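First comes the structure, then the notes that go with it.
Each reported figure results from applying straightforward, stated rules to the coordinates on display, with no laboratory input. The model shown is predicted, which means the values in this text are computed figures rather than measured ones. Cβ placement follows ideal geometry from the backbone for every residue including glycine, while neighbour counts extend to all protein chains displayed.
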């Protein structure tokens, strides 16, 4: 893990690495059939930071997240957690890694047949030998952290979108993980609930020192929570570095994305003029 | 230089666009150098109307005829500004029909994939049931009980009904043949042997395939679509151990239990027919049945039912776990699960019969 943190398509002046890399993606490329989703993505996530993966829809953010958390191996390249190549390390190492990490899915992915409390308690029940009373209390505590204690006995089908997301976060932190991955935590939420979720992510990061990897295309949310940001465009790293550095990057495509400008090379417009009689 | 003009009326919407397209087609067929479409009089238009104009531009372009639009109002220009006319007029790439080998591959590959995933799931399930408990990993018996309730108890009414009717039918068919030789009492043998060795396990398994393989495939498929399976994996929970093993155990148990019930009820149906139509006393029928059946037949039939049940459980779950393509994919694997289950049941049955014959001869 002593490789210098030279990352991404652009030099970002990060000559000296002061913190410890927890996750590294090395030349990660992925294709689905003929479609190249990720192309040579290199990045390092440091222990204890909030790392935000940004980019427009379809740029490969979620695919990258699935590689980083070990759900899906990339077509080429490798992912290292604590210096271990997770897709080459075997099932036991993968399981150890999974017990150290949590993932909050975009749609929540709560098990429909279990109550909210049972969903949060599930990883504890299946992976530990703790007494049931401790498990229940821990699960209730996590639910209270996300403000869902009142919904503990409800089934996921009766929760709103925001509640599902918060329940998924509670489940992701049930095992006190070192790292939590979030897939679009604020997508589809109203601004207030989105801000609450952002706040929760920051608090969990500050209080427990959990490393947070957040995939989002929500700009205000990204700005509010990020320590460092990577911007993916067309499956490649377009910018990577501390939040403010990326936010003020000079690259036109980054500017277009951050300032929410419609790309200037888009052909939509007045090309009907070519068919008009002058 | 040939030149034609089409004048559009006050409306260019879904009611009048057809006329414009007919006019455009006619003019373009006449091969002028240029067709001018005068939209100056149009007061009301919608996107269908402008869609007709774009369609005309594309088709004329393909024929090498130039179309010029005249008198576009500002609202029309505003609507056109939301799209790129050039992009819309670019002909879509023609679909290339794949060569026969590729098409054969596209047909065979999913089939091989299905079989591979069925075998893999079977192996993982066997590992979880027979090997993992030795290492202290418990089998989820609580969940298995719930699954037994779904697959066995839920199927009980239909199994009882089918078995009773089949018992009656078999007795009736046998009676018609045997009456000729005055051997009516052998109805008991025919019903007993055919139900116990073949029809009982087979029909039960087919009912299970229709009820449980489909519901397991649909349930697991929906869980794949909802990322619930990924969530389990991410939590360090093995989806096969957690979800599939209880379902397979429940199906295996259900197949054995239901086939015993099937046998008993079908024989009762046969006895009822024999008593009511052929005048055979129930006691005599029972005695005749007892002489015809052997414990070994029952044991072989139970093992057969067990394999059928496990097969139904594994196929439903294995196909459900590899759903692709959203709700449509769930529908497809549900159908495939039933079809493949029944096919494999017949295959396993044939294997059993062959083995039995080899042992006997």
Alpha carbon centroid spacing (whole Å) that separates the range B:262-338 from the range B:51-89:
66 Å
Arrange A:163, A:94 by Cβ neighbour counts within 10 Å, fewest through most, would you?
A:94, A:163
How far, in degrees from 0 to 90, does helix B:282-292 lean away from the longest principal axis of the Cα atoms of chain B, to the nearest 10?
80 degrees
Among B:335, B:145, B:48, which one shows the biggest mean-square fluctuation in a GNM of chain B, springs joining Cα atoms closer than 10 Å?
B:48
Size of the range B:258-361 along its principal axes in angstrom, Cα-based, largest extent first?
60, 37, 16
Distances over 16 Å make up what percent of all Cα-Cα pairs in the range B:312-355?
42 percent
Calculate the mean, over all residues of peptide A:107-116, of how many other protein chain Cβ atoms lie within 10 angstrom of the residue's Cβ.
4
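For the range B:1-124, what is the Kirkwood hydrodynamic radius in Å, using each pair of distinct C-alpha atoms?
Working: mean 1/r = 0.0564 Å⁻¹.
Computed over the range B:1-124, the radius equals 17.7 Å.
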Number of partner chain Cβ atoms within 10 Å, mean per residue of B:74-86
4
Quick check: the angle from helix A:161-172's long axis to the longest principal axis of chain A, C-alpha only, nearest 10 degrees?
60 degrees
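Treat the count of other C-beta atoms within 10 Å as a stand-in for reagent exposure and order B:211, B:138 from fewest to most. Before the final figure, lay out each step's value.
Details: B:211 21, B:138 9.
So the ranking, lowest neighbour count to highest, is B:138, B:211.
Express the Stokes-Einstein translational diffusion coefficient of chain B in µm² s⁻¹, to the nearest whole number, given a Kirkwood radius over alpha-carbon pairs, 10 °C and a viscosity of 1.306 mPa s.
Numbers: Rh = 26.0 Å.
Calculated translational D: 61 µm²/s.
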Additional length obtainable on full extension of the chain from residue B:292 to residue B:5, 0.36 nm per residue less Cα span:
94.0 nm
Chain B: calculated mean residue ellipticity at 222 nm from DSSP helix runs of at least 4, using -39500 (n - 2.57):
-22000 deg cm²/dmol
From the helices alone, meaning DSSP H stretches of at least four residues, give me the mean residue ellipticity at 222 nm for chain A, per-run term -39500 (n - 2.57), in deg cm²/dmol to the nearest 500.
-10000 deg cm²/dmol
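By count of other Cβ within 10 Å, fewest leading, how are B:88, B:39 ordered?
B:88, B:39
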Enumerate the residues in the range B:205-237 having an amide nitrogen under 12 Å from the point lying 7 Å beyond the Cα of residue B:139 toward its Cβ.
none
How big is the range B:174-293 by the Kirkwood estimate over distinct Cα pairs, in Å?
17.1 Å
When the Cα centres of the range A:80-112 and the range B:1-38 are compared, how far apart do they sit, in Å?
63 Å
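Calculate the mean, over all residues of peptide B:232-243, of how many other protein chain Cβ atoms lie within 10 angstrom of the residue's Cβ. Spell out each step's value before the answer.
Numbers: counts 5, 8, 15, 15, 12, 8, 3, 0, 0, 1, 3, 2.
Across the residues of B:232-243, the mean count of other-chain Cβ atoms within 10 Å is 6.
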Over the range A:53-96, what lengths in whole Å, largest first, do the semi-axes of the equivalent ellipsoid take, defined as the square roots of 5 times the eigenvalues of the alpha-carbon gyration tensor?
22, 9, 9
Return the percentage of antiparallel bridges among DSSP beta bridges fully within chain A, rounded to the nearest 5 %.
55 percent
Between residue B:222 and residue B:176, what FRET efficiency follows from the Cβ-Cβ distance if R0 is 41 Å, with the result rounded to 0.05?
0.25
By average C-beta atoms within 10 angstrom, highest first, the peptides A:131-141, B:315-325
B:315-325, A:131-141
Just to be sure I understand the model, the point goes 7 Å from the Cα along the line to the Cβ. What's the resulting residue B:46 to residue B:198 distance in nm?
6.4 nm
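Step by step: find N for the protein assembly as shown, compute 2.2 N^0.38 Å, then divide the Cα radius of gyration by it. What's the final number? If you can, show how the numbers build up before the last one.
Values: Rg = 33.5 Å, N = 639, 2.2 N^0.38 = 25.6 Å.
Normalised Cα radius of gyration, the protein assembly as shown: 1.31.
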Computed over chain A, Kirkwood Rh from alpha-carbon pairs, angstrom
19.9 Å
Taking the 0 to 90 degree range and rounding to the nearest ten, how far is the long axis of helix A:116-127 tilted relative to the main principal axis of chain A, both from C-alpha atoms?
80 degrees
If you count the DSSP beta bridges with both ends in the range A:131-243, what percent of them are antiparallel, to the nearest 5?
55 percent
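Can you say what percent of the DSSP beta bridges in the protein assembly as shown, counting only those with both residues inside, are antiparallel? Round to 5. Don't jump to the answer; show the numbers that get you there.
Details: 21 of 52 bridges.
Approximately 40 percent, going by the DSSP bridge assignments.
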Rounded to the nearest whole number, the Stokes-Einstein translational diffusion coefficient of the range A:133-278 at 20 °C and 1.002 mPa s (Kirkwood radius, C-alpha pairs) in µm²/s is 120 µm²/s
